[in-house]
Amino acid sequence: MSNKIATAGNSGAKVRSDCSVTLELKDSGGIVVNQKSKVKVLYGDANEKLCKDVLAFFDIKNAELTLEDSGALPLVIAARIEAAVKELMDTDKEYLLDMIDENKYTSEKEQFRFSRLYLPGNTPSMMLNAGIHHPNGIILDLEDSVAFTKKKEAQLMVRNALRGINFYGAERMVRINQFPKGLEDLKYLIPHNVHMLLVPKCEGAEQIQLLEKKIEELKSQYKVNNPIYLMPIIESALGVEKAFEIATASPNVVAMAIGLEDYTADLGARRTNEGTESFYARTRMVNACKAAHIQAIDSVFSDVGDMDALRENVKVSKGLGFEGMGCIHPRQIKVIHESFAPEKEEIEKAKKIVNAFIDATEKGLGVVSLGTKMIDPPVVKRAEKTINLAINLGLISENWREEFLNEQAG
């Protein structure tokens, strides 16, 4: 323990819902907590008690801790103090706040993943209200959006967010770091009800298999029973060429995404809204996903101010077979949901196909036909998916068939 002073967190005029801590270990004098906060009169006593509780948990008896608070929640303050402690001490102990009841839900292999909202893993202010925008998934990012010097702080911040921030039912995703560093992230995620891991710059099945092995070890260690799904991200020419190998590397791979910023950089090409430079990669990845029976997820659209261009981009994306895309701003969510939703003509066609299937089943017929045309099982399955999606989005009611038959009769 050569170094006796450590800092963690963020401070400054533009920082909100965060804090900065400076911890100095001493040889005597007990615990001294200094607070710089505009809300000290309201939360000063509670924050001081939290600071002392965290230090006591790590058996620190003599220290001076300065807390510069800009409205941080207890889970944020605790993460920042723990980060400072672990910079000074070699310890495997973890200071865990209780998991809130709202965060105890699980995910499903088959569910809608139209939108996934990226949130920097070391910026709690962007996490706190992310769920109220109702993305299908939230991504707490440990990779590109986190500075190299802040990686360890982000691990603790994301862990505490998984336990203590209400994401209002969104699928709880984390983008880990690139291999092999990403394996170090897992112990901060697996015990804390993470639903899905995004695997950046994936370039082969062996990466997925190595990741799965580590996940299973941690699930066994922490007695985790819920499935943890995987979404590899294809971001290089090699990844594109190995897309099917990656898509079929594990039963827990339920979706695969493409990251076009890094992919076009790997090509040495400039990314454009038209996407001609990435057309091959996108179609090849979609084909691999469909062959593997998993979801194909498109890249983020980086111009957060141009909703018309986003809408057009989603139209093209859906036409290629993608079933969702990433978001980097909450305002993109509504446009993405509306644009990926089935159109009226799709819904009406699906109603006819599913009704014909139900009718054939009720009559004990071995084949399904619509008029004079035979309907194959994959067509029925796709129509059922469209119906379920339309019901979920409120485009039709759960009593659609009764209404459909009444319309046909009338």
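General remarks:
- You will find that of Pro227, Pro200, Pro191, the residue that is within 14 Å of the chain's Cα centre (by Cα), in contact (Cβ under 8 Å) with a residue 12 or more places away in the chain and either open to solvent by 50 Å² or more (accessible area, probe 1.4 Å) or on the phi < 0 side of the Ramachandran plot (or both) is Pro200 and no other.
- Of residues in segment 136-166 being out of contact with any strand residue (DSSP E or B) (no Cβ under 6 Å at 6 or more places or on another chain) and without any contact (Cβ under 8 Å) to a residue 40 or more places away in the chain, the one most open to solvent (accessible area, probe 1.4 Å): Phe148
- Enumeration of residues in segment 274-298 that are open to solvent by 10 Å² or more (accessible area, probe 1.4 Å) and within 14 Å of Thr264 (Cβ to Cβ): Glu274, Thr276, Glu277, Phe279, Tyr280, Arg282
- Residues located in segment 1-48, provided they are open to solvent by less than 60 Å² (accessible area, probe 1.4 Å), in a loop (DSSP other than H, G, I, E, B) and aliphatic (A, V, I, L, M): Val15, Val39
- Test: residue in segment 109-116 that is surrounded by 22 or more Cβ atoms within 10 Å (Cβ to Cβ), small (Gly, Ala, Ser) and in contact with a strand residue (DSSP E or B) (Cβ under 6 Å, 6 or more places away or on another chain): yes
- Tyr95 fulfils the conditions (1) among the aromatic types (Phe, Trp, Tyr); (2) in a loop (DSSP other than H, G, I, E, B); (3) in contact with an Asp or Glu (Cβ under 8 Å, 6 or more places away or on another chain); (4) under 30 Å from Lys385 (Cα atoms) except for a single criterion, (4).
- Enumeration of residues in segment 158-176 that are part of a loop (DSSP other than H, G, I, E, B) and within 13 Å of Ala130 (Cβ to Cβ): Ile165, Asn166, Phe167, Tyr168, Gly169, Ala170
- The single condition among (1) closer than 21 Å to Val254 by Cβ; (2) open to solvent by 60 Å² or more (accessible area, probe 1.4 Å); (3) acidic (Asp, Glu) that Asp376 does not meet is (1).
- The helices (runs of 4 or more DSSP H) found wholly in segment 268-373 and carrying at least 1 residues that are within 30 Å of Asn129 (Cα to Cα) occupy 307-320, 331-340.
- Listed conditions (1) hydrophobic (A, V, I, L, M, F, W, C); (2) surrounded by fewer than 21 Cβ atoms within 10 Å (Cβ to Cβ); (3) part of a loop (DSSP other than H, G, I, E, B) are all met by Ala72, apart from (2).
- Residue ID - nearest to Asp303 (Cα to Cα), chosen from residues in segment 250-267 that are part of a loop (DSSP other than H, G, I, E, B) and either open to solvent by 20 Å² or more (accessible area, probe 1.4 Å) or basic (Lys, Arg) (or both): Asn252
The values are calculated or read from the model by the stated rules, or taken from the named source; none is laboratory data. This is a predicted model, so every value here is computed, not measured. Positions of Cβ are backbone-derived with ideal geometry, glycine not excepted, and every protein chain shown enters the neighbour counts. Ligands, DNA and RNA are stripped out before the accessible areas are found, and what is left, the full protein with its side chains, is counted by its heavy atoms. Shrake-Rupley method; radii C 1.70, N 1.55, O 1.52, S 1.80 Å.
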